[in-house]
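S.K.: My questions all concern the structure below.
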Amino acid sequence: MADMTAPHSSADASGSACRPLLNRGLAGFGTTIFAEMSALAASTGSINLGQGFPDTDGPAEIAEAAVRALRDGRGNQYPPGPGVPELRAAVAAHQQRFYGLGYDPDSEVLVTAGATEAIAASLLALLEPGDEVIALEPYYDSYAACIAMAGATRVPVTLRPEGDAFGLDLDELRAAVGPRTRLLLLNTPHNPTGTVLPEAQLRAVAELAVERDLLVITDEVYEHLVFEGAHVPLASFPGMRERTVTISSAGKTFSFTGWKVGWVTAPPSLLTAVRTAKQFLTYVSSGPFQYAIAEALALPDSYYTAFREDLRGKRDILSAGLTAAGFRVFRPQGTYFITTDITPLGGTDGLEFCRTLPARCGVVAIPNSVFYDDKDAGRALVRFAFCKQQPVLEEAAERLRTLAL
Ligand code: PMP
Ligand code: GLN
């Protein structure tokens, strides 16, 4: 019997008395935590260290490039379905320049509406009902929703605290692979834990994918935010290029999250599949911004280095502030997020902690439990974003210090 009390159920509109309006696959996916917490920040005037967006825009010359494109009439009408040639060429050149990976801009690169659409199109293209997808838990929220929309089943493998960071247990990963496993969905550097999977583990993951003939989708949107060691794309390991869909996004690397320019690199057969699904999601997006991001990708190495070093400094400021405020701090090796444990502050429930934090001290954070199937594993964990101006981070740290008083 359908739940007549469920939100959005309607006897009037559909005429079918007890059927909820929301597709059953999406039952339980309410408002995203990012929307909820950003609304809370706005309504309470709190410092928003929740949703991950920078509080300063990316390079002025890249914003100017977007204005120029718009004024010159480039991208104001539908751009080509796979993306403008300039951006596809720039993505291919970026993969070659940073990783020595060769992709053909015409058959192996696809521009998307942010990484979010790339994730959705990839999962919708490659999955069928009954398939299982292994995803690292905690997982980025859209993974669960898109796997559900594809009618497939997620099989989480939980990253667990190991010292001052989170780690992957390769035996657990191996044990999760079964006869229905269709693909591995990875994310490194990892949101929300800040974990960067070490090269030896990536190699083992690659060997497993080859051995079990699995497809791989790898979300590498934080590829330029690795503070310890270097980013190694999964596609660079033996046997991986042909089975891997790599996803990235300009939002993170160039601090223009609102432009929603993302991309996929993959061999032609996989790319064609993803493009087929993508055509019917947005078809195309972000016309003038595509030209600007083509220029951004070609910025000199000094841009990328300065971006990373700036964020490294901010990581250290917020880590110190959170430690001083009494949190157990997990040290992020990458991304612009810090996961903390609130237990030393006497908290046990991160969701309740985050909902009351604005009233207690004027700061907003994200409860990691929403990214877990195993709620107990994430219950006391809370994520703070440090992609904010230094005085903002210092003020937030001051406010958080009052929690312990
Ligand atoms: N994947 C991860 C891991 C993310 O943190 C985000 C958030 N930016 C996305 C994908 C979505 O990226 P975009 O804003 O480009 O859609
Ligand atoms: N990726 C961002 C984060 O993790 C949020 C993106 C969104 O709002 N969907 O905070």
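The values are calculated or read from the model by the stated rules, or taken from the named source; none is laboratory data. Every value quoted in this text rests on a predicted model; they were computed, and no experiment measured them. With ideal geometry, Cβ positions are generated from the backbone for all residues, glycine too; neighbour counts draw on all protein chains shown.
S.K.: What pairs come out if I take residues in segment 136-165 that are more than 21 Å from residue 25 (Cα to Cα) and pair them with residues that are acidic (Asp, Glu) and within 16 Å of ligand 2 (Cβ to nearest atom) whose C-beta lies under 6 Å away, six or more apart or interchain?
M.R.: Pairs that qualify, where the first residue is more than 21 Å from residue 25 (Cα to Cα) and the partner is acidic (Asp, Glu) and within 16 Å of ligand 2 (Cβ to nearest atom), are 158/137.
S.K.: In segment 107-115, is there at least one residue being touching a Pro at 6+ places or on another chain (Cβ under 7 Å), small (Gly, Ala, Ser) and at pLDDT 95 or above?
M.R.: Among the residues of segment 107-115, at least one is touching a Pro at 6+ places or on another chain (Cβ under 7 Å), small (Gly, Ala, Ser) and at pLDDT 95 or above, which makes the answer yes.
S.K.: Applying the selection to segment 36-66, what residues are within 16 Å of ligand 2 (Cβ to nearest atom), in contact (Cβ under 8 Å) with a residue 12 or more places away in the chain and assigned to a helix (DSSP H, G or I)?
M.R.: Answer for segment 36-66, where residues must be within 16 Å of ligand 2 (Cβ to nearest atom), in contact (Cβ under 8 Å) with a residue 12 or more places away in the chain and assigned to a helix (DSSP H, G or I): 37, 38, 40, 41.
S.K.: While we're here: Can you say whether residue 353 is modelled with pLDDT of 95 or more and either part of a loop (DSSP other than H, G, I, E, B) or farther than 19 Å from residue 227 by Cα (or both), as far as the supplied structure shows?
M.R.: yes
S.K.: Suppose we filter 380, 404 for residues that are more than 16 Å from ligand 1 (Cβ to nearest atom) and in contact with a Ser or Thr (Cβ under 8 Å, 6 or more places away or on another chain); which single one remains?
M.R.: That would be 380, the only listed residue that is more than 16 Å from ligand 1 (Cβ to nearest atom) and in contact with a Ser or Thr (Cβ under 8 Å, 6 or more places away or on another chain).
S.K.: Condition (residue is in contact with a strand residue (DSSP E or B) (Cβ under 8 Å, 6 or more places away or on another chain), farther than 26 Å from residue 364 by Cβ and either without any contact (Cβ under 8 Å) to a residue 40 or more places away in the chain or within 16 Å of ligand 2 (Cβ to nearest atom) (or both)) applied to segment 247-259: is it met by at least one residue?
M.R.: yes
S.K.: Taking segment 213-252, which residues are under 22 Å from residue 147 (Cβ atoms) and assigned to a strand (DSSP E or B)?
M.R.: 215, 216, 217, 218, 219, 244, 245, 246, 247, 248, 249, listed by residue number.
S.K.: Please go through segment 130-155 and pick out each residue that is in a strand (DSSP E or B), of a type outside the set (S, T, N, Q) and in contact with a helix residue (DSSP H, G or I) (Cβ under 8 Å, 6 or more places away or on another chain).
M.R.: Across segment 130-155, the qualifying residues are 133, 134, 135, 137, 154, 155.
S.K.: Could you list, in sequence order, all residues of segment 261-299 that are closer than 15 Å to residue 63 by Cβ and not in a helix (DSSP H, G or I)?
M.R.: Passing the criteria: 261, 286, 299.
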